[in-house]
Amino acid sequence: MLYTKENWGSVPEGWTRTHLLGLEDLSAEEITILLDLAQRFREDVLESEENRRKIPLLTGFAIVNLFFENSTRTRTSFGFAGRRLGADVIDFAAGTSSLAKGETVLDTAKNIQAMGIDAVVVRHVCPGVPKFLADNLKNCAVVNAGDGTHEHPTQGLLDMLTIRRRFGSFKGLKVALVGDIAHSRVARSNIFALLKLGAQPIVCGPSTLVSPYWEEMGVKVCYSLDEILGEADVFNLLRIQFERQVVRPFPSIHEYSRLYAMNAERLARCKKDALILAPGPINRGVEITPEVADGPQSAILDQVTNGVAVRMAALWCVLTRSKENASAS
Amino acid sequence: MLYTKENWGSVPEGWTRTHLLGLEDLSAEEITILLDLAQRFREDVLESEENRRKIPLLTGFAIVNLFFENSTRTRTSFGFAGRRLGADVIDFAAGTSSLAKGETVLDTAKNIQAMGIDAVVVRHVCPGVPKFLADNLKNCAVVNAGDGTHEHPTQGLLDMLTIRRRFGSFKGLKVALVGDIAHSRVARSNIFALLKLGAQPIVCGPSTLVSPYWEEMGVKVCYSLDEILGEADVFNLLRIQFERQVVRPFPSIHEYSRLYAMNAERLARCKKDALILAPGPINRGVEITPEVADGPQSAILDQVTNGVAVRMAALWCVLTRSKENASAS
Amino acid sequence: MLYTKENWGSVPEGWTRTHLLGLEDLSAEEITILLDLAQRFREDVLESEENRRKIPLLTGFAIVNLFFENSTRTRTSFGFAGRRLGADVIDFAAGTSSLAKGETVLDTAKNIQAMGIDAVVVRHVCPGVPKFLADNLKNCAVVNAGDGTHEHPTQGLLDMLTIRRRFGSFKGLKVALVGDIAHSRVARSNIFALLKLGAQPIVCGPSTLVSPYWEEMGVKVCYSLDEILGEADVFNLLRIQFERQVVRPFPSIHEYSRLYAMNAERLARCKKDALILAPGPINRGVEITPEVADGPQSAILDQVTNGVAVRMAALWCVLTRSKENASAS
């Protein structure tokens with residue numbers, strides 16, 4: 001069946017938001033709507049010879065990638081997702097822009113909006129910038145592509161999709177987030193989603209990078225990777241965010257790696273079907289060794305494919321509701 | 001009515017040019033043709049739910065943004081304008097290009113043309129580069145997106161459209177250009193257009209930045225903003241072009257701002273329907289204060305939308321004539 | 001006749017490769033297939049008013065320009081070629097990418113592939129990177145856009161097409177490659193193609209930049225341009241690759257230019273129909289003087305147009321076979 005705007009169906013009624021700012025705000029039902037749609041986009045579009053090229057759900061819509069932090073990977077993923085839906089996607093390189101001439105973020109966004117764009121995908125070093133833009137732009141959907149150490153909702157969703165595709169459900173799953181929890185928006189988005197979906201998140205890393213207060217939210221806190229090897233079903237190995245650290249949280253990369261890297265020896269002590277995740281770009285030999293990264297339990301590249309599917313779902317949902325609101329107002 | 005190439009109509013007969021190099025060259029009739037078309041593009045395409053996505057007037061045409069100076073804003077605006085007309089728009093980032101290997105501007109342009117492009121949108125720090133390319137490229141339309149301190153015709157046109165949409169006509173209107181007149185191509189394009197269209201331009205700024213010789217062209221020259229507050233219908237508040245100044249033309253930004261910033265107190269002394277324009281990016285607190293920039297008399301974001309409309313009109317007109325000439329020759 | 005995917009025809013049976021890594025690997029027949037197709041793309045698409053805009057042979061395919069070395073010119077040419085065929089082309093700027101965060105080239109490529117792209121056009125300073133990617137990516141066509149001093153196959157092909165369009169055949173033609181042979185991937189791709197196609201390559205330049213061992217491959221080696229002026233049918237004037245030289249191979253640019261620049265005086269001593277080629281960007285006054293570069297015997301801009309045609313042929317061939325293999329496996 002060749003999908004068109006007509007026969008693909010509508011955005012589920014349970015989805016009402018015009019922005020995707022974080023997973024903390026979403027209900028389990030809303031997260032599940034996005035995961036179900038992403039699963040469908042993956043199977044029926046990305047993996048369908050008939051439909052994989054394009055599905056014209058957002059034909060002619062204009063999306064701007066407004067990235068104030070460099071990120072070719074996430075930017076390209078959103079770019080592919082938008083284009084697969086038929087939208088025009090324009091990269092707005094903040095480094096070479098009028099921001100260098102002293103313009104505020106909001107002025108930049110309002111200017112882009114005045115040119116007639118329909119959605120802004122925004123990444124910024126300051127937590128809250130996507131929310132700020134969502135509050136101040138009119139008839140323009142905002143998708144958070146990472147705001148400081150706050151949230152990175154599409155990364156959280158793609159991790160959830162990867163887990164669900166492997167285990168079927170989240171009930172009772174133990175998911176370990178390993179590494180630099182303190183500076184990781186990925187960890188935060190994962191934790192919010194896992195708690196809502198009924199899984200048990202475990203945060204694990206050096207005590208300088210893992211706050212004990214996570215326990216108050218129902219997260220298990222642990223400072224030794226070796227202790228939880230046999231317990232967790234999923235290990236999400238976070239990248240050390242050197243660029244966000246203001247003080248050095250451990251003596252050396254070598255020391256970090258000796259204690260927290262997932263290597264073949266550690267993997268052998270894990271459950272047989274333990275799933276290995278890592279938000280790219282991975283540092284081979286730091287948080288993960290090559291034999292694990294490229295091994296059969298690694299879903300790292302599967303995460304990347306799921307990322308495109310999740311972003312298609314998110315863009316389609318928020319843009320559809322945003323346009324409906326604009327017409328109604 | 002859904003517009004197509006067939007039912008949209010033809011480029012008006014009064015338009016014969018294959019390039020848009022500056023407003024100094026154009027007659028009042030030619031400027032009016034572009035403004036009328038831009039008005040139509042704004043109403044019938046950009047603001048029409050039925051047509052706003054795309055109008056296929058330039059489907060398959062290839063346009064290159066050849067920007068030797070950084071400008072995300074103008075470049076993005078031309079990019080949207082071209083894509084709305086169905087053209088392919090490719091950014092040619094001069095900084096990372098073969099220019100760094102010692103190639104001349106003309107060789108770069110000829111190479112791009114040999115790849116089969118139909119139009120070049122060019123910005124360069126040297127006045128005259130667009131004219132030089134227009135003289136030396138064959139079957140290729142050239143649009144000036146700003147050449148040094150010379151002209152920025154589409155900015156001039158979008159200012160005119162914004163003024164006309166507010167006041168209906170130009171006859172007898174007094175339009176003050178405030179600030180760094182000496183380094184402003186925006187001021188020059190505005191002055192040429194205003195004089196042709198029957199308005200009275202006033203240039204106002206520190207005597208180091210405002211030449212008295214403008215009076216010979218019929219422009220009123222004034223060194224005090226306070227003196228003309230009650231007189232002008234429009235205030236176009238130019239950005240201080242720090243990057244173009246070779247000597248420091250005033251003691252401090254604070255001093256400049258105290259004398260020439262449009263603030264609430266000054267706005268209260270203006271005519272009730274005085275229109276506030278500013279070519280972005282604005283420096284809040286320097287040439288304009290936030291309460292004015294975001295107030296009801298400000299048309300700053302309206303200018304941005306008009307910019308896309310004006311660029312659609314310009315690209316469609318010059319590309320159409322350029323292709324007709326190529327076929328005839 | 002308006003061409004579509006159906007009536008344009010199929011990729012010739014003699015073409016079986018899913019990658020284009022270099023001309024050394026190709027047979028004369030394979031090179032001829034690409035030249036014949038490129039000739040057809042040039043005449044029936046690029047120069048046809050009816051078809052020139054687009055021919056939808058790769059509609060919906062996604063191509064990534066993965067350039068680890070700066071090159072606006074080649075990147076833009078591949079971009080135009082892909083878009084003319086209907087593909088989506090995305091530039092992946094390696095400088096601002098996750099590579100800066102320590103990712104390996106292969107991880108970057110695998111990530112891009114996992115997003116669902118169909119072909120990678122790769123340029124890298126290290127010889128062998130395209131081969132390495134071809135060996136390690138699945139169901140993804142790889143085109144070499146220049147790897148260190150190794151090969152630049154589409155440049156070699158466009159030079160061959162330019163020669164063939166002028167002389168009809170290669171038999172007995174003497175083609176001089178002048179300049180920095182040691183650092184030139186263009187020279188290598190030219191030599192491989194010329195030898196296979198039956199022409200006689202001559203390498204000519206300072207002895208510090210021309211190895212005598214080329215003679216073992218059947219290439220004539222010569223250290224004086226003046227000596228071969230009357231002998232060669234084609235002069236391909238290579239750019240001095242200052243950026244690749246680790247020791248200074250000649251005393252000064254002035255000295256190089258005095259001995260090896262093609263100027264009007266030297267051109268007068270060449271055969272009347274001698275053809276002048278130069279891979280851009282040219283350095284006017286170094287390897288070629290303006291009166292020669294812009295003169296009637298220069299085919300420099302013709303080379304650029306042929307470059308788009310050759311890249312259309314290469315992308316169409318390798319992508320078609322790559323997709324067939326993916327379906328079959």
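The values are calculated or read from the model by the stated rules, or taken from the named source; none is laboratory data. Please read all numbers here as calculations on a predicted model, not as lab measurements. Here the Cβ is made from the backbone with ideal geometry for all residues, glycine too, and neighbour counts use every protein chain on show.
Per-residue answers, yes or no, for (1) at negative phi; (2) part of a helix (DSSP H, G or I); (3) assigned by TED's automatic domain parsing to the domain that holds C:A119:
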site	(1), (2), (3)
C:T4	yes, no, no
C:I31	yes, yes, yes
C:L35	yes, yes, yes
C:P56	yes, no, yes
C:G60	no, no, yes
C:G79	yes, yes, yes
C:G82	yes, yes, yes
C:F92	yes, no, yes
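Is it the case that the range A:37-53 has a residue that's touching a strand residue (DSSP E or B) at 6+ places or on another chain (Cβ under 9 Å), crowded, with 18+ Cβ neighbours inside 10 Å and not polar (S, T, N, Q)? Looking for residues that are touching a strand residue (DSSP E or B) at 6+ places or on another chain (Cβ under 9 Å), crowded, with 18+ Cβ neighbours inside 10 Å and not polar (S, T, N, Q), one finds at least one in the range A:37-53, hence yes. Please indicate, with yes or no, whether at least one residue in the range A:141-159 is in the same structural domain as A:G79 (by TED's automatic domain parsing), of a type in the set (D, E) and either under 24 Å from A:E43 (Cα atoms) or in contact with a Pro (Cβ under 7 Å, 6 or more places away or on another chain) (or both). Within the range A:141-159, one or more residues are in the same structural domain as A:G79 (by TED's automatic domain parsing), of a type in the set (D, E) and either under 24 Å from A:E43 (Cα atoms) or in contact with a Pro (Cβ under 7 Å, 6 or more places away or on another chain) (or both).
For the range B:302-327, residues that are at pLDDT below 95 and either of a type in the set (D, E) or over 20 Å from B:L57 (Cβ atoms) (or both) total 1. Just one residue in the set C:G116, C:G156 is farther than 25 Å from A:G307 by Cβ and either among the small types (G, A, S) or over 16 Å from the mean Cα position of the chain (by Cα) (or both); that residue is C:G156.
Of the set (1) part of a helix (DSSP H, G or I); (2) surrounded by fewer than 24 Cβ atoms within 10 Å (Cβ to Cβ); (3) in contact (Cβ under 8 Å) with a residue 60 or more places away in the chain, all apply to B:D107 but (3). At least 3 residues being touching a helix residue (DSSP H, G or I) at 6+ places or on another chain (Cβ under 6 Å), within 11 Å of another protein chain (Cβ to nearest Cβ) and surrounded by 15 or more Cβ atoms within 10 Å (Cβ to Cβ) is the threshold, and among the helices (runs of 4 or more DSSP H) wholly inside the range B:252-329 those reaching it are B:300-328.
Within this structure, B:G22 fails the test of being part of a loop (DSSP other than H, G, I, E, B), of a type in the set (G, A, S) and at pLDDT below 95. Would you mind stating whether C:F61 is touching a Lys or Arg at 6+ places or on another chain (Cβ under 8 Å), over 26 Å from C:I282 (Cα atoms), hydrophobic (A, V, I, L, M, F, W, C) and within 14 Å of chain A (Cβ to nearest Cβ)? Against the criterion (touching a Lys or Arg at 6+ places or on another chain (Cβ under 8 Å), over 26 Å from C:I282 (Cα atoms), hydrophobic (A, V, I, L, M, F, W, C) and within 14 Å of chain A (Cβ to nearest Cβ)), C:F61 qualifies. The residues of the range A:285-316 that are over 16 Å from A:L161 (Cβ atoms) and of a type in the set (D, E, K, R), listed by number, are A:E287, A:E291, A:D294.
I want to confirm something. Restricting to the range C:104-116 and keeping residues that are at the interface with chain A (Cβ under 8 Å from one of its Cβ atoms) and of a type outside the set (S, T, N, Q), which single residue is nearest to C:F61 (Cα to Cα)? So, considering only residues that are at the interface with chain A (Cβ under 8 Å from one of its Cβ atoms) and of a type outside the set (S, T, N, Q), the one nearest to C:F61 (Cα to Cα) is C:G116.
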